[in-house]
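Down below is the structure, laid out as structure tokens.
No value in this document is a laboratory result; all are computed from the given coordinates. Please read these numbers as outputs of a predicted model, since none were measured by experiment. With ideal geometry, Cβ positions are generated from the backbone for all residues, glycine too; neighbour counts draw on all protein chains shown.
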Amino acid sequence: MAVSNWTNVSDFGGMLTVANDNTGGFFWAAMMGMIFIVSFISMLGFGFEVALLGSSFAGLIIGILFAYMDLVAWTWVVMFAGILVLEFIWIMYNQKEY
């Protein structure tokens, strides 16, 4: 069982990093994934492409905030940016008019 060292927590940022310390650095990355999944499932009524585009954008924005707060690595943020780029390419490929 991991024990938190609460004497090092002196501000709100310290409270956020304690969660990452106890989970091996994956707590906030998992939270980003949960936000992505919940927003994707919530928007499926509008269509698959819209749901993937909207949830990836939300994940990207939240990921940028978390990365600047040093809660997640930039690798997780780049994953959402990559999904967005691939989705844009997919939409452009499928929407060609001849």
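Tabulated data for the structure shown
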{"item": "Modelled FRET efficiency - R0 30 Å, M69 with V38, Cβ distances, 0.05 increments", "result": "0.90"}
{"item": "The chain: relative contact order in percent, alpha carbon pairs under 8 Å with at least 6 residues between", "result": "22 percent"}
{"item": "Overall dimensions of the stretch 22-94 by Cα: Rg and Dmax, Å", "result": "12.8, 45"}
